[in-house]
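The values are calculated or read from the model by the stated rules, or taken from the named source; none is laboratory data. All values derive from a computational prediction rather than experimental measurement. Here the Cβ positions follow ideal geometry from the backbone for every residue, glycine too, while neighbour counts run over all protein chains shown.
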Amino acid sequence: MLLPTTLTALFFPFLHPLLDHGLEERPQQPLATPSPLQFQLRHLHAVSGSAQVVLSDITAHRGPSIASHRSDYALQSRPVKAYRPSSSKEHAEARRLSIYERQSSNLRWDEWEIPGPDTESRKTLLELAKMTNNAYVVDNNDTQWYELDKRWTDAYPFGWEPDADGFRGHVFATADNSTVVVSVKGTSAGLFGGGGPTAKKDKLNDNLLFSCCCARVDWTWTTACGCYRSGWNCDQQCLEESLVTESLFYPIGTNLYNNITYMYPDSNIWIIGHSLGGALASLLGVTFGVPVVTFESPGERMAASRLHLPSPPSTHHVTHVYHTADPIAMGTCTGVLSSCALGGYAMESRCHLGKSILYDTVSAVGWAVDIRTHGIVQIIDKLLNEPWAPSVEQGREVPEPQTEEDCVECYHWEFGDFPS
């Protein structure tokens, strides 16, 4: 059993030489020609209800194998440029300042060329989307489980205990430990209730990370934190503190990442996720400078700013995949009569970090804007499973990744010093 999140945060300044293996200075080796990667089962990681990251040998918890199921999808890699702090000590200090002092730091950055997923390959995105979907499912006996390519020989879940607080998913690793892929589960909740044991904690994280001010939609709402003042005024310091003290998922994610890099100090880490899980994956990818692929993620740029994450020269190692009919990813599921609000969610953010692969499903194929298109299955079955005609016409497999320029959100709010 490894350190709980709270203890990790408390002792972080003293532990960073042990935990930040992913940031250690070591010579970069020339990258070999990218080739398909074969992944194997390693260990079980779980996050219990007390926010403890648990490590168990998989031989004692071996779940159903997916090795007997095959499909013809392959996962390709390619060189990806990412930025990491020049000094792990400076990075540790920057994170301490962001957690305890709510301050941003200017760090020195090194450019790294590392193996990452080929995000311009349709089949690669399809395989990653299936892996992401399976983070919602306990095992492959579930009818929602998607068969993976033979290169993915097995999988194991973490965080599925009855008292687990919701941060869960699957972990894959190559036979030589060169690459580890972590998937993060998104929101498990029906629009009007239900959604399983993690629904309450999922909603809290959604409303803290993606609302303008503590999920204050109108006067009838019970806010997710106490930072709303009056009119359109929101206390900035209170808001930033709420993301550290009340939202558990990002701190748990950093603790999980540190534990994985402690186990695999020389491995490349990739993080993937859908919806809330995608936003958390992106925040972790920016924090540690590792490749990320998300599907239908709400805009996470605002949360990254409020968390005072170290800002590298580029976040192009983060790739978002979503479509124009999804009001959550597009940031249009707002207002008191929106589907999100009717379900108790204030999904008001819209700006994404990194690059976005945006499928124009409204104009190209006539989809109606509908919250029901937000599910990962829409991406798998209707967008990635077949060639996308508009991209094929341009000689591409997927839409060209673009940065989101001139993106504005929460423009009607005033953020500042508004004591209670």
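Does the range 350-369 include one or more residues that are among the aromatic types (Phe, Trp, Tyr) and over 23 Å from the mean Cα position of the chain (by Cα)?
There is at least one residue in the range 350-369 that is among the aromatic types (Phe, Trp, Tyr) and over 23 Å from the mean Cα position of the chain (by Cα).
Please give the number of the condition residue 155 fails out of (1) crowded, with 20+ Cβ neighbours inside 10 Å; (2) modelled with pLDDT of 55 or more; (3) assigned to a loop (DSSP other than H, G, I, E, B).
Unmet for residue 155, out of (1) crowded, with 20+ Cβ neighbours inside 10 Å; (2) modelled with pLDDT of 55 or more; (3) assigned to a loop (DSSP other than H, G, I, E, B): (2).
I need the full set of residues from the range 371-391 which are over 20 Å from the mean Cα position of the chain (by Cα) and either surrounded by 12 or more Cβ atoms within 10 Å (Cβ to Cβ) or not aliphatic (A, V, I, L, M) (or both), in order please.
Quick first cut of the range 371-391, residues over 20 Å from the mean Cα position of the chain (by Cα) only: 372, 381-383, 385-391.
372, 381, 382, 383, 385, 386, 387, 388, 390, 391 - these are the residues of the range 371-391 that are over 20 Å from the mean Cα position of the chain (by Cα) and either surrounded by 12 or more Cβ atoms within 10 Å (Cβ to Cβ) or not aliphatic (A, V, I, L, M) (or both).
Let me spell it out: the conditions are (1) at pLDDT 95 or above; (2) part of a loop (DSSP other than H, G, I, E, B), and residue 315 meets all of them except one. Which number is the exception?
Looking at each condition in turn, residue 315 falls short on (1).
Take the residues in the range 232-249 that are part of a loop (DSSP other than H, G, I, E, B) and at pLDDT below 90; name whichever of them is surrounded by the most Cβ atoms within 10 Å (Cβ to Cβ). It would help to see each step written out before you state the result.
At the first step, the residues of the range 232-249 found to be part of a loop (DSSP other than H, G, I, E, B) are 232, 246-248.
If we keep only those that are at pLDDT below 90 as well, we get 246-248.
Details: 246: 14, 247: 22, 248: 20.
Only one residue fits best here, namely 247.
How many residues does the range 187-227 contain that are modelled with pLDDT of 70 or more and part of a loop (DSSP other than H, G, I, E, B)? Please lay out each step first, then the result.
Looking only at the range 187-227, we keep the residues that are modelled with pLDDT of 70 or more, and these are 201-227.
From what's left, part of a loop (DSSP other than H, G, I, E, B): 210-227.
Of the residues in that region, 18 qualify.
When the residues of the range 265-285 are filtered to those that are modelled with pLDDT of 90 or more and in a helix (DSSP H, G or I), which remaining residue is nearest to residue 212 (Cα to Cα)?
Only one residue tops the list, namely 279.
Starting from residues that are of a type outside the set (A, V, I, L, M, F, W, C) and closer than 19 Å to residue 185 by Cα, keep the ones in the range 262-286 and report whichever is surrounded by the fewest Cβ atoms within 10 Å (Cβ to Cβ). Even if it seems obvious, please write down each step before you answer.
Keep residues of the range 262-286 that are of a type outside the set (A, V, I, L, M, F, W, C), which gives 262, 264-268, 273-275, 277-278, 282, 285.
Right, trim to closer than 19 Å to residue 185 by Cα and you get 273-275, 277-278, 282, 285.
Details: 273: 31, 274: 31, 275: 29, 277: 32, 278: 31, 282: 30, 285: 27.
The extreme case among them is 285.
Residues 183, 178: which one is within 29 Å of residue 291 (Cβ to Cβ), surrounded by fewer than 19 Cβ atoms within 10 Å (Cβ to Cβ) and at pLDDT 80 or above?
On the way: 183 fails: surrounded by fewer than 19 Cβ atoms within 10 Å (Cβ to Cβ).
Answer to the check: 178.
Within the range 392-410, how many residues are among the hydrophobic types (A, V, I, L, M, F, W, C), outside any helix (DSSP H, G or I) and either free of Cβ contacts under 8 Å to residues at least 24 places away in the same chain or exposed (fewer than 12 other Cβ atoms within 10 Å of the Cβ) (or both)? Walk me through it before giving the result.
At the first step, the residues of the range 392-410 found to be among the hydrophobic types (A, V, I, L, M, F, W, C) are 392, 398, 407-408, 410.
Narrowing the set further to residues that are outside any helix (DSSP H, G or I) leaves 398, 407-408, 410.
After this cut, where a residue has to be either free of Cβ contacts under 8 Å to residues at least 24 places away in the same chain or exposed (fewer than 12 other Cβ atoms within 10 Å of the Cβ) (or both) as well, the list is 408.
Summing the residues that are among the hydrophobic types (A, V, I, L, M, F, W, C), outside any helix (DSSP H, G or I) and either free of Cβ contacts under 8 Å to residues at least 24 places away in the same chain or exposed (fewer than 12 other Cβ atoms within 10 Å of the Cβ) (or both) in the range 392-410 gives 1.
If residue 349 passes every condition in (1) assigned to a helix (DSSP H, G or I); (2) buried (at least 18 other Cβ atoms within 10 Å of the Cβ) but one, which one does it miss?
The one condition residue 349 does not meet is (1).
Taking only the range 329-354 into account, find how many residues are in contact (Cβ under 8 Å) with a residue 60 or more places away in the chain, out of contact with any Lys or Arg (no Cβ under 7 Å at 6 or more places or on another chain) and under 20 Å from residue 309 (Cβ atoms).
Counting residues in the range 329-354 that are in contact (Cβ under 8 Å) with a residue 60 or more places away in the chain, out of contact with any Lys or Arg (no Cβ under 7 Å at 6 or more places or on another chain) and under 20 Å from residue 309 (Cβ atoms) gives 3.
Can you work out which of the residues in the range 352-365 that are among the β-branched types (Val, Ile, Thr) and surrounded by 20 or more Cβ atoms within 10 Å (Cβ to Cβ) is nearest to residue 277 (Cα to Cα)? Give the steps one after another, and end with the answer.
Let us first name the residues in the range 352-365 that are among the β-branched types (Val, Ile, Thr), namely 357, 361-362, 365.
Subset that is surrounded by 20 or more Cβ atoms within 10 Å (Cβ to Cβ): 357, 361.
Details: 357: 17, 361: 23 Å.
Across the range 352-365, the extreme among qualifying residues is 357.
Yes or no, residue by residue, for (1) at pLDDT below 80; (2) surrounded by fewer than 16 Cβ atoms within 10 Å (Cβ to Cβ); (3) under 30 Å from residue 236 (Cα atoms):
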{"site": "70", "(1), (2), (3)": "yes, yes, no"}
{"site": "75", "(1), (2), (3)": "yes, no, no"}
{"site": "114", "(1), (2), (3)": "no, no, no"}
{"site": "123", "(1), (2), (3)": "no, no, no"}
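So if I check each of 408, 365, which one is over 25 Å from residue 212 (Cβ atoms), modelled with pLDDT under 95 and not acidic (Asp, Glu)?
Numbers: 408 fails: over 25 Å from residue 212 (Cβ atoms).
Selected residue: 365, the only one of 408, 365 that is over 25 Å from residue 212 (Cβ atoms), modelled with pLDDT under 95 and not acidic (Asp, Glu).
Kindly list the number of the only condition in (1) surrounded by fewer than 16 Cβ atoms within 10 Å (Cβ to Cβ); (2) of a type in the set (A, V, I, L, M); (3) not in a loop (DSSP other than H, G, I, E, B) that fails for residue 368.
Of (1) surrounded by fewer than 16 Cβ atoms within 10 Å (Cβ to Cβ); (2) of a type in the set (A, V, I, L, M); (3) not in a loop (DSSP other than H, G, I, E, B), only one is false for residue 368: (3).
May I ask you to verify whether residue 329 is within 12 Å of the chain's Cα centre (by Cα) and in a helix (DSSP H, G or I)? Let's see the steps before the verdict.
Values: within 12 Å of the chain's Cα centre (by Cα): no; in a helix (DSSP H, G or I): yes.
So residue 329 fails the test.
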